[in-house]
Structure formats: C-alpha cells, structure tokens
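As structure tokens, the structure follows; a few thoughts come after it.
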Number of protein chains: 2
Amino acid sequence: MMDFPLLLKTFLLRSAKYFPKKEIVSVFPESVHRYTYADYYKRVCQLAHALKSLGIKRGDRVASIALNDHRHLELYFGVPCSGAILHTVNFRLPMNHLVYIINHAEDQVIFVDEDLLMFVEMIKDQLKTVKHIVVLSHTGKKPESGIKNLIMYDELIAQFPEKYDFPEDLSEWDPAMICYTSATTGDPKGVVYSHRAIMLHTYAVAVTFGASEADCILHIVPMFHANAWCGPFAAVGAGCKQVLPGREVINMDKLCHTIAGEKVTFTAGVPTIWMLLYDYLEKGGWHDFSSLKTIASGGAAIPRQLMIDLNEKYNFPIKQAYGSTETTPLATAAIPKSYMADWPAEKLYDVKTSIGIIALGLEMKIVGDSGAEVKMDGKEWGEVCLRGPWIANEYYKDPERSKETFIDGWYHTGDIGTIDEEGYVRLVDRKKDLVKSAGEWISSVDMENLIMAHPKVIEAAIIGVPHPKWQERPLACVVVTPGQSVSADEIKDFLKDKVKAAFWIPDEIIFLKEIPKTSVGKFNKRELRKLYADSQLKSL
Amino acid sequence: MMDFPLLLKTFLLRSAKYFPKKEIVSVFPESVHRYTYADYYKRVCQLAHALKSLGIKRGDRVASIALNDHRHLELYFGVPCSGAILHTVNFRLPMNHLVYIINHAEDQVIFVDEDLLMFVEMIKDQLKTVKHIVVLSHTGKKPESGIKNLIMYDELIAQFPEKYDFPEDLSEWDPAMICYTSATTGDPKGVVYSHRAIMLHTYAVAVTFGASEADCILHIVPMFHANAWCGPFAAVGAGCKQVLPGREVINMDKLCHTIAGEKVTFTAGVPTIWMLLYDYLEKGGWHDFSSLKTIASGGAAIPRQLMIDLNEKYNFPIKQAYGSTETTPLATAAIPKSYMADWPAEKLYDVKTSIGIIALGLEMKIVGDSGAEVKMDGKEWGEVCLRGPWIANEYYKDPERSKETFIDGWYHTGDIGTIDEEGYVRLVDRKKDLVKSAGEWISSVDMENLIMAHPKVIEAAIIGVPHPKWQERPLACVVVTPGQSVSADEIKDFLKDKVKAAFWIPDEIIFLKEIPKTSVGKFNKRELRKLYADSQLKSL
C-alpha cells in the first residue's frame, strides 16, 4: 500500500474540487456573511501566501484569538496545510496564563478578532516572540489601538494569488494544531495535535455521529476549545454546509432562528449553552428544531433533568460525549445500542447520561487501586486510562508533568469511573478530589449532589481533610439558599438514608457565602484545601 | 500524539468488549447458525492458538477457499490479528491460476469449505508450500477425500483456550490480507493490504455509506473479492449485526426472506446479483425491503434501467461505488449531493449511474493524452489515476508489472473516464480497449451499447484492428438474437443518427455464434484480437 501521509490538505482539496458550491455561513450581530467552498479555498490559498510573506516557516506557531467565523475557519486549514501550526488561544484564561501560553508556544503572529484586540493590547508588552498582529475584521474598520503596525487580514490576503501549491512533503506526524488546557494547578499544559491524529479523529467523529455531506453543521463549541471537537475538519472533508455563530452563540433567540433558517442538522456544544437554551425555551422563546438530527454535548456532564426536559418538552435530543484537550477530544460517546430502543425511558436515560462507550479506534481500561482493571459491573471504581492514535503522549515542552500523566503508553485521565456490563462508563469524581477515609473511597461529586438536593442548599463542595485516625474525612462547604437557614445537623439528617454508607456523611459542615471557583466556573477545591490548611476556612 | 498503530485488533477487541450480545448469523441451505460476538471472539482466540499449533508464524500466508459464513469471518480477524496474512482465494479462477496464486503467495495452510474441497483435491499435487488442509465444515462430517490428514476446523480450535494475547508489537504497515486480481493477461497479480490500509478504508466505507452499530449488514459480495469491500471489518468494529448468506446468496427467495427476517439495513453486491433479484421480483417473488436503508453496488457498472426499475418498482435504491482489488477497494461512490434532491429524476439517475466522487481520504486525477488533467466538463477523456493510504503501490513480487501501473506515486487504473462539473466521474472504456482511429479515440463500450440496443442483436464486442491509413478501425463482433437475422448494413443504418461521429461506425461487422468470455464473464477482447490476428475471426 502507498505510504501516503494523512494530511489535512486532502480534506481541503476535496471540498474545493467536489463541493465548491456548498455554503459557509458566518452569523454576525448585524449581518450574515455567506460564501462558498470555492471562495473559501481561494482565501485559504491567499492566506498561505500571506503567512509566507510574514516570514512564517514550516513548524512555526501562529496564534488565533478568535470566535467562530469563516476567517477563523480559513486559519484552521491555511495554517496547518502550509506546514505551520495553529495555536488556538483560549482568551478566557487569566491574563498571566494568556501571556504564558503565547510565550511558551513561541507564537510568531497573532490573528485576532477586532472585538478581542483588547486582550492583546493588555498583554502585548509581555509577549516575547510575536512579530505581527493581524486583525480579523468584519467591519473593515482599522481599530484605534496602541499597537503599532496592525495588519488588516482582508487587506493582507487580498494581495496574493488565489492558488497555492500546498506542500506534499509534510509528514502525517507533523504538528498541525496546539491547544493548552486550562490548568487548575500551575501553568497551562500544551497539547500538540499531528495531522495524523486530527484526520483519524475526524473519521471517528463522523462515524460516531453519522455525519455526511447532507449535514449542515452549526459550530456552537468555540474553535479555541480542543479543535472545536474537529467539527470544522469533518465538515470541510465531507463538504457539509457550515454555520459559524460567532458571538451570537449566546443569543438564544438568534441561535434558534439560525437553526431553523439555515436548516441546521448537526450541532455540538457544552451544557452551559443548553442551560441558556432551556431557559429561553421555558420563557416561550421561538424555535423550530425540525431540521436537527444530531446534538452532541461535551466538556462537562449534562444534568440528567436538563437532558430529559430538552428532549421530551422540546424534541432536542442530546448525545453526551466525553474527552479532553489531551484526546483531540473525542474519547467516548453515549449512544444507546440498537437493542436498547425498547428499554424503559429511565433506564435509557441511565445510558444517555453516562459518558458512553469507547470511540472506534481507541482503547480504554479502567484501573482500580490494585492495578487491575475493574469489573464491568457498574460499581467498581477505577481511573479511566486511554490510548490510541489521537491520544496525547506528552505535554508540550513539559517532561515533568508529562511523566505524571502519560504512563506506560496510557493517558491517565485523572477521572474516576465505573463501567457497566454494556460497556457504558460513568464518572464518579476527579481522582484528586476523592476522599479516602479508613481505606475506603468517598466520591466528592456524589456527596455534593446529595447535599445540593437539600432544598435550602444552593452550593456544596466536598474536600478531604487530614484525620489522625481515619486518614482523611470529608469536609462539606455549603452555601445556603438566600433567605433560608439550615443547620449542620439538619443536613446530616437529610443525608442519612441517602448515602451509600454512614461514614460518607461529613463530620464537619462549614457554611460559606460562596465557594471559590476556577476560571471556567468549577469549584476551586485547591483553594478550599489551601484555606483549610491555613485555618482560613470558617463558617459565616 | 501517541505512536499507536492502526491494527485490526482494536476493532476485534471493541466488539468483544462492548458488543458481546450482538449477533452473527450464517445462512446455510438447511439451517441458520447464530452466535454472538462473545462467542465469535472466543473462537477467534482459539483459532489464533490453532494457527500457532500448525506452525504459522508472523508474516506467514494462510489461504481461505470459502464462502461467506462465520468461520470465514473468524479467519478474517484471527489470521491478521495474530500476525499472519489471510489470502482469500477466488476459487472461480481457472485451475492453473488457482495453483499459481497459492504457490506464489506461498500459503502454508488452506482453510477450505467442505463443499469446495474438490478444488483443493484437483490441484493438491501441484501445491508447493501447503502443509495443512483444514476443512470448514458445517455438517461436522469428515469428508471422504483423497487428501490425507484432513484437519476438521471445529475440532482443531476446540482444543484451545478461549483467550489469546494478540500481539501488540505489530506495525500498522504489516500485511493483513492478500487478494489476487483475475488477470485478463498473464498470471494473476497479488495485492497485499496492510492493517493501516484496511483500517483507514474501513473508516472511509463507514463514512461514505453512513454505517453504524444500528445497522444489520448482509454480506452479499463474496469474502474472496477484495476483502468483501471491508464490510466485515466495518461491521466488527462498529458492532453491527452481520448476516452471511453462504451459497444461498444466489437463492433469491431465501435472500429476500433473509433480508426481511433479519431486518437487514445494509447490503452490498455486484450487478449480477441485482439482475437475478430483479428477475425474481418480476416473477412476483416475495419480498419486504422495508428495513433496507443502504444498498451498495460495485464490481461492474449497473445497467441504468435495472437501477431505475429496482428503485422505482421495488423501492430498492442502489448506490453505485467503484474500485478494484488495487484500491482495497472503495475509491469513489455515486451519492448525490444534498442540493440535487429536487433535480429531475433523469438528471439524478445521470449522477447515480456515474461511478461518483472520490472517497474521503483519497486523491484522484484524470489525465488526458497531453499528460494534463482533463477539464471538469463531463466530456474530455482521460485515465483515472488514484492515490491515497489504501491504494496499492505494487503487485506482490512482480516488479515488472508494478512499474507499468504504479507510476510517480499514482495508481493508473487503466480506466478511461470523464469528470463533470460536480465532480462525478463516468467511465468510458478500458484504456486497452479504446480504438484510435485517425488520431481520435473511439469508446468500444459506447459502440457496443449502441449496437446492443438494436432489437435483433444480443451481444456486440468492439475491437480495434490495424488499418494502413487510419492507424486503427473499430471491428464489430455481433451475436444475433436467436431466430432473428440482420445484415451488416442494417446495423450501420441503425447506428447512423446515434453515434457521436460518423467515423465511429465500424467498417466491418462480423457475425459470431458467441463472443468468447473471461472467467468472470466479461468479453474476452484479447482472445478476439488474437483470433483476428490469426485470421480466425470469420462470420458464421
């Protein structure tokens, strides 16, 4: 068989040659931009020339700080197909992390949305390698800015020919993209994606969710999150119509009109968006979901009731998937098996709210304390470990932290889960958040959910604190619903007949005004532990 | 990203672990055999032990002479996953070719259906490398045979444990399967498929036809033809129910009852089968195709009217695909684009009867006489050339013939075709069958179809014969419908207003009793040319 490398170029050329009439739609606040794959390809070629003119060489890193629109999509292919590496920057990171990742990746050029230029302005003096700032502008107006020599993207690429000979001598192992994880401890960690990994992952995504040319894909998940789950790559390869909602992604009225108006069949996003959507729908918001066939959700667990309500009240059936920056990201998907079609609804939602079964092409093991794989009984806990052609084997230029996570050819996710007899995996907790009391594990997530089920509690976080006899005991940090009051004993009573074992019930409950959160809105348990260690964690 | 090899083992383990309850059904003349993927996996493990016991080492070739059933499916994974290579023998080849390919591949063991043992008996004395003959028996009766030491497959594997540690240190470039083409000239040519090629091809097949776990796949295409188009690999990977019809594949009544009874959703086969099916249906044969979603056809062009009739009379919508032994085999598929949905039926059938557009992951060019790519106008002719990760780069141990076909990184298919503005390719002729008259090409296939449209003609073959002035001229070999008579002038008159240009009309028409055919039933033009050269080609 030919030693023909798996390169993104093959996908790009396919849409240009075979689907030139298909549309790419960008939704802006005041207007909608439409063009075809023929137009797209010409601009990607122009961009490739432009990168060369900016001094970008093979292997150089190029940053994007951008929302979802056609210019970002041009970068998605133009940068890697010409041999450079696209670093999709998550601009929601804290400023010091933004500076860190751009310097760590040694980005040479930043392509930045006109609306996001302020982020670059704030950090520009700390950037060590960036030589050019290129503004992705939809208004066409050159922004007033303290940054000198701003380059306007459309003007830049307009100077160049609409054809480009993309290199054929890249290796499939060459890097195409970089993302950084939003680290809860230390600096963000970089993951480099090869052409090979992205191509294989794209096939797997298409097979898992059944995408084809007939689909119209709405990219809700930001293009700076784990390659937008490779939706853009699948769409370009298959010649799908694409809809890029930019900042309008949180405008539910606009989003619903876009779904109906563009006849969207396929979309993917995080639970936060589904919560906004549900809120909008509950308030009687206009919608017509008749074109939708597939809705993938990931990034965090979707609340069961939200999934049920969206499905049953609004015919908005969500399929949950799981992965991380380290997994390109698709690792598992919760698609019920065909013979489950006549299962009772509740049992079927047990399947649908799991993280699912392994994607075609990967291998998984769930390893218990003993080092052996857990039983497929839905009960035994273990750490989810993954391997396969689109799983990272290291963090970029970070051998120390790589060693802790990538062990003997397996990616140790740090997620603790169970696997049932049908192969569906359910996550129990993060490994570092488990509490070990008298040699037995307690899931902090389970306990938090139990406590938050109390009508007078709005938030609850569990951390393990040292105990002279039991090694660790769970400590509950609780925020009471405004206007209510509840005692520690009331909460303990409430838990009694609900916990798996009596020793799960926290000895101590601390009432807080709020629970410290990370930049992505998760409970910051590291901060809680630190406060506790410093004797700063006290009830109101 | 991990350097994790693409190995068939990953697909095998996935179905064993995640789809153990799904069914594999073999249809035999007198009975139906059913078991699950759990059973399948155990037997594949036993087979791997058995191969070792027979002295099969990594890289050794193992032949199958078998129809489509679960035992053949066990060989499909058991052999390559344990590191050996499965040579699926096309027992319909002429005997001398059968001997040639088994010796050329240096097969160590032959696994043969009890019903096909006669083929082995006929050639056994000429086989140079075969050490064991293993009988795949459904009846369980040891055949009476002149072959000594026949091994019974079920007895052989029953001795071994139901677990096997499949090697993890194979390379994805290691060979998994071998097929030989049914050569029209010289000896058959071998194509070796790597694990990598098959895995990638399998993804492409699944993406092209939208296969998923919910599908029930009926394998009509023989498992000795180009890996059964990788249907078995896709099915095992995705955990599909599979139905293997064995020799009952030509029993249309049984086939139709099987489709309905097993709720088949997906099948693939050659036009010969569709003709048999149409005949059966026209005679009022029972059928219920309500479960069927996807029907792929390949191996030869499906007659347009047959496609229309099956679709419109019987709701049996066929999707044409194209490929060859050298392409694993999927290269193109004629799936209309979504925006063609409202095209007039005739125009849509123009699309559906083409060979389609390139599969996701491959690259194609159609190269005209000048060496440049032809225009996408549906008119200019050129040779279809392919490259990609599941395209062969050589014939096995045959450097001379490899050089003629695999040139500068492209597989030259020998098929002459056009490509229209939508990217759909139509084949015009085989390169070697084109007639070049006065510097202009004439398509033998086009002319044959025109002549065969005459009501008194049943068969017509065109060959080019030398001409002192025009270089070559077409010669028509015609078989008249039994009981009819027609003159050469009548045929020429009939062609006048139908041919593309007057010079296409053959000067000479020879009437034959029958047209010599190849082993696969195609016109043997090589034989016609030889007869002509020897002055043996004369009218009745």
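The values are calculated or read from the model by the stated rules, or taken from the named source; none is laboratory data. None of the values given here were measured: they were computed from a predicted structure. Quick reminder, even Gly has a Cβ in these numbers, built from the backbone with ideal geometry, and neighbours come from all protein chains shown. Keep in mind that these areas ignore ligands, DNA and RNA; they rest on the heavy atoms of the full protein, side chains included. Shrake-Rupley method; radii C 1.70, N 1.55, O 1.52, S 1.80 Å.
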Per-residue average of other protein chain Cβ atoms inside 10 Å, peptide B:488-499 -> 0
What Rg and what Dmax come out for chain B when only alpha-carbon atoms are used, in angstroms?
-> 24.1, 74
Kyte-Doolittle cut-off 0.5, length cut-off 18 Å along the helix's own axis using Cα: show which whole DSSP H helices in chain A pass.
-> A:195-209
List, largest first, the extents of the alpha carbons of segment A:435-539 along their principal axes, each in whole Å.
-> 38, 32, 24
Within chain B, percent of DSSP bridges classed antiparallel, to nearest 5 | 55 percent
So the B/A interface buries, both sides summed and with a 1.4 Å probe, an accessible area in Å² (nearest 100) of 5300 Å²
Rounded to whole Å, how close does chain A get to the rotation axis onto B by Cβ? Give me the residue too, please?
-> A:Tyr203, 2
At most 15 other Cβ atoms within 10 Å and a DSSP loop assignment: could you name the trypsin sites (Lys or Arg not before Pro) in segment A:58-135 that fit?
-> A:Arg58, A:Arg92, A:Lys128, A:Lys131
Rg to Rh, two decimals, where the protein assembly as shown supplies the alpha carbon set and Rh follows Kirkwood = 1.00
Would you jot down the residues in segment A:136-185 that end up with at least 30 Å² less accessible area in the complete protein assembly than in the chain alone, with a 1.4 Å probe?
-> A:Glu168, A:Trp173
Using helices alone, what [θ] at 222 nm do you get for the protein assembly as shown, with -39,500 (n - 2.57) per DSSP H run of 4 or more residues, divided over all residues and rounded to the nearest 500?
-> -9000 deg cm²/dmol
Counting only other chains, what is the mean number of Cβ atoms within 10 angstrom of the Cβ of each residue in peptide A:241-248?
-> 0
Each residue of B:200-212 has, on average, a number of other protein chain C-beta atoms within 10 Å of its C-beta equal to 5
Which Cα, out of A:Leu116, A:Leu98, A:Tyr424, lies furthest along the positive dipole direction of the protein assembly as shown (beta carbon charges, K/R +1, D/E -1)?
-> A:Leu98
Which one of B:Pro344, B:Ala331, B:His225 has its Cα pushed farthest toward the positive end of the charge dipole of chain B, where Lys and Arg give +1 and Asp and Glu give -1 at the Cβ?
-> B:His225
Based on the mean of other beta carbon atoms within 10 Å per residue, what is the order of A:256-264, B:240-248, most packed first?
-> B:240-248, A:256-264
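When only DSSP loop residues count, what trypsin sites (Lys or Arg not before Pro) in segment B:316-379 have their Cβ near at most 13 other Cβ atoms within 10 Å?
B:Lys379
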One decimal, nm, nearest first: from A:Asp534 to the same residue in each other copy, label points 7 Å out along Cα→Cβ, the values are 9.9
So how strong a dipole does segment A:435-539 carry about its Cα centre when Lys and Arg Cβ are +1 and Asp and Glu Cβ are -1, to the nearest 20 debye?
-> 280 debye
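How about segment B:446-540: which trypsin sites (Lys or Arg not before Pro) there are in a DSSP loop, with at most 11 other Cβ atoms within 10 Å of their Cβ?
Qualifying residues, ordered by number: B:Lys469, B:Lys496, B:Lys513, B:Lys538.
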Relative contact order %, segment A:220-282, counting alpha carbon pairs below 8 Å whose residues are six or more apart = 36 percent
Search the structure for amide H atoms under 5 Å from the amide H of A:Phe316, placed 1.01 Å from N in the peptide plane, and list their residues when 5 or more places away or on another chain.
-> A:Asn311
Mind listing the label-point distances from B:Glu312 to the same position on all other copies, shortest first, one decimal in nm, points 7 Å along Cα→Cβ?
-> 4.7
Suppose every K and R has +1 on its Cβ and every D and E has -1 on its Cβ; what is the size of the dipole of chain A about the Cα centre, in Debye to the nearest 20?
-> 620 debye
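Rounding to the nearest 20 debye, state how big the charge dipole of the protein assembly as shown is about its Cα centre with +1 on each Lys and Arg Cβ and -1 on each Asp and Glu Cβ.
That gives the protein assembly as shown a dipole magnitude of about 480 debye.
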Determine the relative contact order of chain A: mean sequence separation of Cα pairs under 8 Å and six or more apart, normalised by residue count, in whole percent.
-> 10 percent
Roughly speaking, what is the stretch gain from B:Leu348 to B:Asp309, that is 0.36 nm per residue apart minus the C-alpha to C-alpha distance, in nm to one decimal?
-> 12.6 nm
Sorted peptide list for A:136-143, B:356-363, criterion being average Cβ within 10 angstrom, highest first | B:356-363, A:136-143
Could you give the accessible area per residue of segment B:435-539, probe 1.4 Å, as a whole number in Å²?
-> 54 Å²
Considering only the other residues whose Cβ falls under 12 Å of the Cβ of B:His195, what net charge follows from Lys and Arg at +1 and Asp and Glu at -1?
-> 0
Report the one residue of A:Ile442, A:Phe503, A:Ala453 whose Cα lies farthest in the direction of the positive end of the charge dipole of segment A:435-539 (charges on C-beta: Lys and Arg +1, Asp and Glu -1; origin at the Cα centre).
-> A:Ile442
Probe 1.4 Å, all chains present, heavy atoms only: B:Asp433 accessible area in Å², nearest 10, is 20 Å²
Taking the Cβ of A:Val486 as the center, what net charge do the other residues with Cβ under 14 Å away carry, scoring Lys and Arg +1 and Asp and Glu -1?
-> -2
Separation of segment B:359-388 and segment B:444-519 by C-alpha centroid, Å?
-> 29 Å
Considering only segment B:190-344, percent of DSSP beta bridges that pair antiparallel, nearest 5 | 20 percent
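Tell me, what % of the accessible area of segment A:359-505 is carbon and sulfur with a 1.4 angstrom probe?
Summing carbon and sulfur atoms, their accessible area is 52 percent of the total for segment A:359-505.
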Quote the relative contact order of segment B:435-539 in percent (integer), defining contacts as alpha-carbon pairs under 8 Å separated by 6+ residues.
-> 25 percent
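On the protein heavy atoms, probe 1.4 angstrom, tell me the percent of accessible surface of segment A:167-312 carried by carbon and sulfur.
For segment A:167-312, the apolar C and S fraction of the accessible surface comes to 55 percent.
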